Amino acid sequence: FIGGGGYTLPALLLDSRLGIESPSWLEDHGVFGQHVPPGTLNMEMALAAGRDCLGISHPVLSDIAVHQPLSLQEGEPATLQSLFEPMGDGSYRFRILSLQALPGAASDDWQLHASGELHPSSTAADIPRLTGEADGGDAVSVEQLYQAFIEQGLDLGPAFRTLGKVWKSGDEAWAEVG
């Protein structure tokens, strides 16, 4: 288990390994020259655990906090643990932690990456369909947008270049992703 820290045994503990090479699409996500999985990976792990392991057909997340990014090193996969503790109403508190064999790190030096709550919902979320053009937005060059990402330290390879069209109006933006 996760060595010390006064943790109580969770209702569910999932253990996995993650590295630059596996899954291979992680090579396509870089931040300031480091291989960093997208923060949404934490949320998808929590939602998948809710659906597949805890039997929540329509899980909803709340009170999400991203504490620190996971930086993956070449040839050094990280061990991930996702912990789910019951809250008493069918909901769970979750934490996602990692352990990496890095120089100078203690063997039980777990890092907290994300935390939050997972709740059951009676129905699937009804997400309204928006279109930028119909909502008065101005088209944005997708290539210029990706170039701006690179200039700000976010390097997205082919697996993460999924924007089709983008529109912007004031402080709002819409995108076709797929």
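Is at least one residue of segment 3-22 in a loop (DSSP other than H, G, I, E, B), of a type in the set (S, T, Y) and either surrounded by fewer than 11 Cβ atoms within 10 Å (Cβ to Cβ) or modelled with pLDDT of 85 or more (or both)?
Looking through segment 3-22, at least one residue is in a loop (DSSP other than H, G, I, E, B), of a type in the set (S, T, Y) and either surrounded by fewer than 11 Cβ atoms within 10 Å (Cβ to Cβ) or modelled with pLDDT of 85 or more (or both).
Provide a single number: the residues in segment 23-40 that are open to solvent by less than 40 Å² (accessible area, probe 1.4 Å) and either within 15 Å of H67 (Cβ to Cβ) or assigned to a loop (DSSP other than H, G, I, E, B) (or both).
4
Based on what the data block shows, is L112 surrounded by 15 or more Cβ atoms within 10 Å (Cβ to Cβ) and either modelled with pLDDT of 90 or more or in contact with a helix residue (DSSP H, G or I) (Cβ under 7 Å, 6 or more places away or on another chain) (or both)?
Answer is no for this residue.
How many residues are within 18 Å of A49 (Cβ to Cβ) and not hydroxyl-bearing (S, T, Y) when one looks only at segment 73-87? Give the steps one after another, and end with the answer.
Looking only at segment 73-87, we keep the residues that are within 18 Å of A49 (Cβ to Cβ), and these are 78-87.
Now drop any that are not not hydroxyl-bearing (S, T, Y), which leaves 78, 80-81, 83-87.
The qualifying residues number 8.
Mind listing whichever residues of segment 21-33 are without any contact (Cβ under 8 Å) to a residue 60 or more places away in the chain and among the aliphatic types (A, V, I, L, M)?
L26
Across segment 136-160, what is the number of residues that are charged (D, E, K, R), at pLDDT 90 or above and either within 20 Å of T40 (Cβ to Cβ) or surrounded by 13 or more Cβ atoms within 10 Å (Cβ to Cβ) (or both)?
Looking only at that region, the number is 0.
Those residues that are open to solvent by less than 30 Å² (accessible area, probe 1.4 Å), over 14 Å from A114 (Cβ atoms), assigned to a strand (DSSP E or B) and in contact with a His (Cβ under 6 Å, 6 or more places away or on another chain), I need them from segment 46-104; list them, please.
Residue satisfying the conditions is L72 alone.
Please specify each residue of segment 34-63 satisfying the condition of being in contact (Cβ under 8 Å) with a residue 40 or more places away in the chain and within 20 Å of L154 (Cβ to Cβ).
Answer for segment 34-63, where residues must be in contact (Cβ under 8 Å) with a residue 40 or more places away in the chain and within 20 Å of L154 (Cβ to Cβ): P38, G39, N42, M43.
The values are calculated or read from the model by the stated rules, or taken from the named source; none is laboratory data. What you are looking at is a predicted structure, and each value in this text was computed from that prediction instead of being measured. FYI the Cβ positions are ideal-geometry reconstructions off the backbone, even for glycines, and counts take in every protein chain you see. Quick note on the areas: whole protein, heavy atoms, side chains included, nothing else; ligands and nucleic acids left out. Shrake-Rupley method; radii C 1.70, N 1.55, O 1.52, S 1.80 Å.
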